[in-house]
Amino acid sequence: MKVKRTISLLSAAVAMCCGTALAAPGQPWMNTQLGAAERASLAVKEMTLDEKLKLVFGYFGSDMEAKKYKRPEHAHKQSAGFVYGVPRLGIPNLWEADAGIGVASQAGPDARPATALPSGLNTTATWDLQTAYAGGAMIGAEARGYGFNVMLAGGVNLMREPRNGRNFEYGGEDPLLAGKMVGAQIKGIQSQRVVSTLKHFALNDQETGRTTLNVKIDDQAARMSDLLALQIAKEDGNPGAVMCSYNRVNGVYACESSYLLTEVLKKDWGFKGWVMSDWGGTHSTIPAANAGLDQQSGMPFDLSDYFGPPLKEAVLNGWVPQSRLDDMARRVLHAMFEHGVVDHPVKSEPDKIDFAAHAAVSLKDSQEGMVLLKNSGAVLPLATSVKRVAVIGGYADKGVLAGGGSSLVYPAGGNAVPGMEPKIWPGPVMVYPSSPLKAIQKRLPSAQVSFSDGTDKAAAAKLASESDVVLVFATQWTGEAFDVPNLSLPNKQDELIAAVAAANAKTVVVLETGGPVTMPWLPQVPAVLAAWYPGTSGGEAIASVLFGEVNPSGHLPATFPLSESQLPRPKLDGYPEVLDKRFEVNYHEGAAVGYKWFDLKGLKPLFPFGHGLSYTEFGFSGLSASVKDGVLQASFTVKNAGKRAGKEVAQVYVAPLQAKWEAPKRLAGFQKVDLQPGAQTRASVAVDPRLLAMYHSASKTWRVAKGDYKLILAADAAGEKALSTVVHLEAATYDVNGKPVRQPR
Ligand code: BGC
């Protein structure tokens, strides 16, 4: 026993030898055999007041001329954040980078070239946990290669507002799908021994007035919608950190809301890591610290260094208890120990990164998440025998669009279309140098493939009329800190598409958008492919799907409305933004978000949640439901009845026949299956009891009402290929985390 102990201590020392920290004798927190909680407590005991204070104070990692601010010397250039560690105790610094789709850089001349995944919405549209995990692992590996150990990733703000400029970073409108997919990505990131955040906590669902608005929602509705997505992502991903958001919730800033931070996150959900503020999201010292904020981030974004000297003073005079500061530091350390940040320190110099392998991860994600929205007359896939192809618009000759803001990844090769407005924050507008036109030309060596940039509508229509098939690329740039005014494609692209489609009936529209857009020209075009923001391998991914080398298998993670009038808020609250104007956004729809709202109101969208076509045909059969050990299971058969291999997303919805929910039905489970032509498989999904229950705020329980429930197996929320069966459920109660509560006999 004794021998074993010595060896483990030795291996802990060896593990530390190559990084910034060297384990000295008498540092029991460096014993890797101990759990993170014990190690964190042991380390905190050794720390001086000033050392603890260091851990809870974060700096912006880039210079900021406007504020005459210089990043700390040890911060990586053009990075998002930096926190001093405690070298004396072997605790490394924290180097933070944004990471929603890859290792991002702040704007400037020293941006690091990195691999960009397609947008978060694209990854969610894959409905494939493995793809999300692989993308996360790619980001984690690249982060480590660049010397970052905290990734500001894990965005899972629910799409209540399709005009939200940041939807592209998130996981769509359904709490189960978004929570699972973002959870898998967080897990992937942390598999590389770096910490990932989960963000933005919570209810930061629009950018307009994000720092001044006050969201009104009741506890029950929040727990069954936005908070449920965060809760599931937290459970599946086990993030080391959570980033609280800019907005106020029921009158209180999220970063000083004891309801959100202490009650929901830490007490109810048992979160053991640390809460960092969004950059500029801290508004006080004593209220914020006592409410549960553990670390101020991104000085100098806030008005004051609240968690600097003012926090020291507050602790010394007892306004913030010493035990609270200990808890703050312990939480940071807990995450660092748990996720390998201490035992596997990052190197200070950039390491080797396998960019070719990472490009393949991004390519696969894009291919898997692209959604074929329409394909009448089987105009797709394109035949390689086609003679004259017109490619129009969308900078398709140069590359593919990316979303703007802090998540922006700078690609190798630079911006393919530099100089577009806005050039500065939240710009630059970035086009990744992966040209769809070139990828198409490569596949058609002897055809005539012509390009028109679409600025001259008449010239584009003329080219279309002289071609056998037309591919129109339409773009919508969205980004952080602003929302789009409406869901129309900007810059008169609707008119361009209509003109081109009028000139040639074989017009395929490829969309590169941040989220849902309206399509007044839809009846005129036979095919539409939603390619989202497809990432640094995007051009190749689009061509591979257009030509059928890859069979599309993405399904919508959000409803595409017919018009803004169908939304819970036809007019975006606070738009256009008036600086510093405080206002309220009333989430009167409660938990009825997305398709749930459309169902509730009997509205028919343009394309329903879950929709996505394939080049093959799938059939469902043999749906059965059973309750095993109190868990509802749905089993079914999926068959590929067509002639090509392909993947189908089987979606299980539940609709109560007697109980009253916020909406007629909910997504209760899903499974993506990969099938050769003619093959079939039996699949089953287990339903999380929270998706069968209503949340009861007073008792903090999820309650399933006794009664009959319709289980629907379908290929989208509108009931495509739907089969159904009815199952009877007994009344049951689950705790706040969905675990069964034993009823007293
Ligand atoms: C964003 C966060 C981001 C942070 C650091 C903020 O503007 O809201 O998502 O992580 O900046 O760049």
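Observations on the structure shown:
- Test: residue in region 319-331 that is within 16 Å of the ligand (Cβ to nearest atom) and out of contact with any Cys (no Cβ under 6 Å at 6 or more places or on another chain): no
- Test: residue in region 272-290 that is over 16 Å from MET328 (Cα atoms) and of a type in the set (A, V, I, L, M): no
- Neighbours by Cβ (under 7 Å, 6+ apart or cross-chain): first from region 277-298, closer than 23 Å to ARG71 by Cβ; second among the acidic types (Asp, Glu) and surrounded by fewer than 24 Cβ atoms within 10 Å (Cβ to Cβ): GLY280/ASP302; THR282/ASP302; GLN296/ASP302
- Condition met for ARG166 (of a type in the set (Lys, Arg) and out of contact with any helix residue (DSSP H, G or I) (no Cβ under 8 Å at 6 or more places or on another chain)): yes
- If you go through region 602-616 and keep only what is closer than 12 Å to THR559 by Cβ and out of contact with any His (no Cβ under 7 Å at 6 or more places or on another chain), you end up with LEU603, LYS604, PRO605, LEU606, PHE607, PRO608, PHE609.
- The one condition in (1) surrounded by fewer than 22 Cβ atoms within 10 Å (Cβ to Cβ); (2) touching a residue at least 60 places away in the same chain (Cβ under 8 Å); (3) more than 16 Å from the ligand (Cβ to nearest atom) that THR124 fails to fulfil: (1)
- Tabulated pairs, region 88-116, first under 30 Å from GLU46 (Cα atoms), second hydroxyl-bearing (Ser, Thr, Tyr) and surrounded by fewer than 22 Cβ atoms within 10 Å (Cβ to Cβ), C-beta under 7 angstrom, 6+ apart or interchain: PRO92/THR20; ASN93/TYR84
- Test: residue in region 286-302 that is out of contact with any Cys (no Cβ under 8 Å at 6 or more places or on another chain), modelled with pLDDT of 95 or more and charged (D, E, K, R): yes
- Region 663-678: number of residues that are over 22 Å from THR126 (Cα atoms) and surrounded by fewer than 19 Cβ atoms within 10 Å (Cβ to Cβ): 2
- Among the residues making up region 504-530, those that are assigned to a loop (DSSP other than H, G, I, E, B) and of a type in the set (Val, Ile, Thr) are THR513, VAL517, THR518, VAL525.
- As for region 108-123, it holds no residue that is closer than 26 Å to LEU55 by Cβ, assigned to a loop (DSSP other than H, G, I, E, B) and among the small types (Gly, Ala, Ser).
- In region 132-144, the condition of being under 18 Å from ALA356 (Cα atoms) and within 14 Å of the ligand (Cβ to nearest atom) is met by at least one residue.
- For region 583-593, the criterion of being of a type in the set (D, E, K, R) and in contact with an Asp or Glu (Cβ under 7 Å, 6 or more places away or on another chain) is met by none of the residues.
- Checking each residue in region 272-298 for being aromatic (Phe, Trp, Tyr) and crowded, with 24+ Cβ neighbours inside 10 Å picks out only TRP274.
- Count of residues meeting criterion [at negative phi and in contact with a helix residue (DSSP H, G or I) (Cβ under 8 Å, 6 or more places away or on another chain)] in region 602-611: 6
- Filtered by the rule that a residue be surrounded by fewer than 22 Cβ atoms within 10 Å (Cβ to Cβ), under 19 Å from GLU540 (Cα atoms) and of a type in the set (Val, Ile, Thr), region 362-388 gives THR384, VAL386.
- Residue ID - surrounded by the most Cβ atoms within 10 Å (Cβ to Cβ), chosen from residues in region 299-314 that are within 16 Å of the ligand (Cβ to nearest atom) and in contact (Cβ under 8 Å) with a residue 60 or more places away in the chain: MET299
- Flag for LYS67 being out of contact with any Pro (no Cβ under 6 Å at 6 or more places or on another chain) and in the same structural domain as HIS283 (by TED's automatic domain parsing): no
- All of TYR653, TYR695 fail the test of being closer than 30 Å to THR616 by Cα and of a type in the set (Phe, Trp, Tyr), apart from TYR653.
- Region 604-636, residues that are closer than 30 Å to VAL215 by Cβ and either assigned by TED's automatic domain parsing to the domain that holds ASN167 or crowded, with 16+ Cβ neighbours inside 10 Å (or both): PRO605, LEU606, PHE607, PRO608, PHE609, GLY610, HIS611
- Here region 71-107 is the region considered, the condition is being of a type in the set (Asp, Glu) and part of a strand (DSSP E or B), and the residue that is farthest from the ligand (Cβ to nearest atom) is GLU96.
- Within region 575-592, being surrounded by 14 or more Cβ atoms within 10 Å (Cβ to Cβ) and in contact with a Leu (Cβ under 6 Å, 6 or more places away or on another chain) holds for VAL585, ALA592.
- Of the helices (runs of 4 or more DSSP H) entirely within region 430-503, those holding at least 2 residues that are touching a Phe, Trp or Tyr at 6+ places or on another chain (Cβ under 9 Å) and crowded, with 19+ Cβ neighbours inside 10 Å occupy 436-443, 493-503.
- So LYS45, is it of a type in the set (Lys, Arg) and at pLDDT 95 or above: yes
- Matching residues, region 471-493, being away from the ligand (no atom under 16 Å from the Cβ) and either assigned by TED's automatic domain parsing to the domain that holds GLY209 or closer than 20 Å to LEU213 by Cα (or both): VAL484, PRO485, ASN486
- Restricting the first member to region 437-454 and to residues that are farther than 17 Å from LEU546 by Cα and in the same structural domain as VAL508 (by TED's automatic domain parsing), and the second to residues that are at pLDDT 95 or above and among the polar types (S, T, N, Q), the beta-carbon pairs closer than 8 Å and six or more apart or on different chains are GLY454/GLN493.
- Test result for VAL673, closer than 28 Å to ASN640 by Cα, modelled with pLDDT of 95 or more and over 31 Å from the mean Cα position of the chain (by Cα): no
- For region 392-405, the criterion of being away from the ligand (no atom under 16 Å from the Cβ), out of contact with any strand residue (DSSP E or B) (no Cβ under 9 Å at 6 or more places or on another chain) and modelled with pLDDT of 95 or more is satisfied by no residue at all.
The values are calculated or read from the model by the stated rules, or taken from the named source; none is laboratory data. Since we're looking at a predicted model, the values are computed, not measured. Note that each Cβ is placed from the backbone with ideal geometry, even for glycine, and that neighbours are counted across all protein chains shown.
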